[in-house]
Amino acid sequence: MAARFVISGTDTGIGKTVFSAALAVALNGCYWKPVQSGLDGETDSETVARLGVPRERILPEAYRLSAPASPHLSARLDGVSIMPSRLVPPQTDGPLVIEGAGGLLVPLSGHLLFADIFSRWQLPVILCARTSLGTINHTLLSLEAMRSRGIPVFGVAFIGEENPETQRIIVEFGGVRSLGRLPVLVRVTAEALRRAFLDNFDPMVFQGEPI
């Protein structure tokens with residue numbers, strides 16, 4: 001079976017979309033953003049296209065919500081109810097990269113969190129984490145939230161400047177593997193991102209199993 005991954009993060013705006021684009025390119029896979037909140041400016045799917053994923057491999061969002069806010073609020077403002085039945089990973093001929101919104105405990109409605117959906121899917125999750133101050137607490141809490149719900153954890157992808165002690169302690173206390181570290185790019189172009197991913201991650205690792 002082709003690889004299928006969920007990309008989540010310890011917070012919003014940490015680089016999940018950039019990492020998702022890099023992974024989808026490396027795997028020659030498809031990309032799916034189930035819920036897009038905020039339609040002014042470039043959407044995440046449009047960013048992924050700009051960073052090298054062919055448009056025919058970018059699947060349409062289940063929900064496109066106007067306001068750049070938490071999905072539960074954005075949906076309410078649009079008069080939309082987010083239904084779990086519409087949040088089913090699509091079938092694809094090859095690998096699939098699915099990007100969540102914000103962190104694991106982002107609400108989709110008054111009774112549903114993204115983590116609840118991930119638990120139903122039972123797909124391996126890659127947790128994107130900053131290397132900057134504060135990430136130890138956020139990352140370990142996120143790992144605990146996943147494991148308490150039985151969500152398969154594939155590993156942590158660090159994003160930012162190298163911070164060996166922070167990365168080491170997260171791996172040790174979190175009982176998780178480091179998949180690599182995506183450095184800060186001066187210019188985020190498709191080619192620069194492709195090179196950075198191949199220089200800092202082993203694509204063969206993403207053929208493995210969660211641990």
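The values are calculated or read from the model by the stated rules, or taken from the named source; none is laboratory data. Quick caveat, the model's predicted, so the values are computed rather than measured. Heads up, the Cβs are rebuilt from the backbone with ideal geometry, glycines too, and the neighbour counts pull from every protein chain shown. Keep in mind that these areas ignore ligands, DNA and RNA; they rest on the heavy atoms of the full protein, side chains included. Shrake-Rupley method; radii C 1.70, N 1.55, O 1.52, S 1.80 Å.
Identify all residues within the stretch 1-18 that are within 17 Å of V106 (Cβ to Cβ) and either open to solvent by 10 Å² or more (accessible area, probe 1.4 Å) or outside any strand (DSSP E or B) (or both); write none if there are none. Within the stretch 1-18, T10, D11, T12, G13, I14, G15, K16, T17 qualify. Exactly one of (1) open to solvent by less than 30 Å² (accessible area, probe 1.4 Å); (2) more than 12 Å from R4 (Cβ to Cβ); (3) touching a strand residue (DSSP E or B) at 6+ places or on another chain (Cβ under 8 Å) is unmet by L113. Its number? Only one criterion is unmet by L113, namely (1).
Counting just the residues of the stretch 189-206 that are modelled with pLDDT under 95 and under 15 Å from A24 (Cβ atoms), which one comes out least open to solvent (accessible area, probe 1.4 Å)? Taking the candidates together, the pick is F206. Only one of the numbered conditions (1) of a type outside the set (A, V, I, L, M, F, W, C); (2) open to solvent by 10 Å² or more (accessible area, probe 1.4 Å); (3) touching a residue at least 40 places away in the same chain (Cβ under 8 Å); (4) under 19 Å from D116 (Cβ atoms) is violated by S81, and that is (3). Residue count for the stretch 53-78 under the criterion of being touching a helix residue (DSSP H, G or I) at 6+ places or on another chain (Cβ under 6 Å) and either open to solvent by less than 40 Å² (accessible area, probe 1.4 Å) or closer than 16 Å to P34 by Cβ (or both): the result is 5.
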